[in-house]
Amino acid sequence: MAVVASPPAKSAPGQEIGNRAMSTYQDARLLPLGNGSQTTRAAIAKAIVRRVVERVDVRVRLADGQTIGAGGPDSPVLELRSPEAFYRRLAQHPKIGIGDGYVTGEWQPAPGTDLADALVPFAARLDALIPRPLLALRGLADSALPTHHRGTIENARTNISAHYDLSNALFAAFLDPSMTYSSALFAGAGQWRQQPLQEAQWRKIDRALDEAGVAPGSRVLEIGTGWGELAIRAAARGAEVVSITLSAEQQQLARERASAAGLSDRVDIRLQDYRDVAGEFDAIVSIEMIEAVGEEFWPDYFRAIDRLLAPGGRAVIQAILMDHQRLLATRHSHGWIQEYIFPGGLIPSLRAIDLVTGTHTHLRRRATFSFGPHYAETLRRWRERFLATYDAIAGPGFDDQFKRRWEFYLAYCEAGFAAGYLDVAQLTFGKDQS
């Protein structure tokens, strides 16, 4: 979900998403310096690490007992257990190396420091983290998105399967009983930790259904089934629901859950790409699916919604969002989350969504409801349950490195939302009939 980005770059005139000219976007400050020797690159990585931690409210304890960083006595503490190995890893691939260094145990939070809490200071100052003279080193960090991760019809199912077909038991171990894998919506401004997660997930789903105008007799399309909770709640209102997914594991369990709820006659769960859906729907709902589409195919995604939405109908899209300038700075960069968690994924900006819909469709955004801090709390709950229940699912394919990889993923995303680097919003669209 979340991708730690380099400081944002300014776009040149006319180079906006939705415009073909944007494909040539490049920040002139960020020119490659060449590969250099491994020793030189490791030395550069070491220098960058030291400069970065001097700018954030953390302390880093080195293997020799030395402590560096701008943090005070109450700041999060990180332990760099194998610094030379970590610097060499960063030299090989800075963006992927940070997460891999955690997975392999080269660094970790010190006892008493929570992993997400330790990452928040970095996410909070991301725009100013790298000194301007070091921006030129970004050429060493960025690599192109793999072509086999492009969100084509052929690749999309593989990308989705890589994450969602891992195991239904894995997701059941840390999700709430509704099996909802997106941000919850808690009540009020405080005391969230006392609120049941399942109720908060129902609140989020019901808000989306209300915004989409789902009522008895509504023809509803859900793009991205998950494990069926939204489809079930829509059908319970008396709607006729078509829900599509590319995950065979999700389809199977969602069908079972709809049957157990006695709603199979009103819920049609299909293994189908959004580009292949036909028909007309009064309401279209898509919860955190756009992140898996890929920028190249955002026009296809919104054109499909435009084509399928009946006159007078409403579409509600729940999307993870980043600042537009951050999107411009990271859109061609392959990072740790894309490598291990969500292949082919890219988080959009609100401006990018407006540009794409305005250029390619009749859809116009009517309302925006943002609730980013709620995602930080949701992720905290997931991570706690994941760690508490992992022993029950550990086995072939789910070893200690898998555990640390997913722990880092969940904490990494939590920090992004807690710091405000990432947001999540329900976006309501209607058609411009002019």
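Laboratory data are not the source of any read-out in this text; all were calculated from the coordinates shown. Predicted, not measured: the structure shown is a model, and the values here were computed from it. So basically every Cβ, Gly included, is an ideal-geometry build from the backbone, and we count neighbours across all protein chains shown.
Brief remarks follow.
- When only alpha carbons of the stretch 317-370 are considered, Rg and Dmax amount to 12.7, 36 Å.
- The convex hull drawn around the Cα atoms of the stretch 148-431, when projected onto a plane and averaged over every direction, covers 14.1 nm².
- Proxy reagent accessibility, fewest Cβ within 10 Å first, across 163, 324: 163, 324
- The stretch 46-52 - phi-based ³J(HN,Hα) in whole Hz, Karplus 6.51/-1.76/1.60, Gly and Pro as x: 4, 5, 5, 4, 5, 5, 5
- Taking the number of Cβ atoms within 10 Å of each Cβ as an exposure proxy, the fewest-first ranking of 289, 179 is 179, 289.
- Separation of alpha-carbon centers, the stretch 278-294 and the stretch 39-92, rounded to whole Å: 43
- Simple rule: put +1 on each Lys or Arg Cβ and -1 on each Asp or Glu Cβ in the stretch 316-406, find the dipole, and look at 362, 316, 375; the Cα lying farthest toward the positive end is 362.
- Debye log10 I(q)/I(0) at q = 0.25, 0.26, 0.27, 0.30 Å⁻¹ for the stretch 371-416, Cα point scatterers: -0.85, -0.89, -0.93, -1.05
- Ranked packing of 210-217, 230-237, 419-426, most packed first, by mean Cβ within 10 Å: 230-237, 419-426, 210-217
- A crude spin-label estimate for the pair residue 198 and residue 40, with each label 7 Å from Cα along the Cβ direction, gives 6.0 nm.
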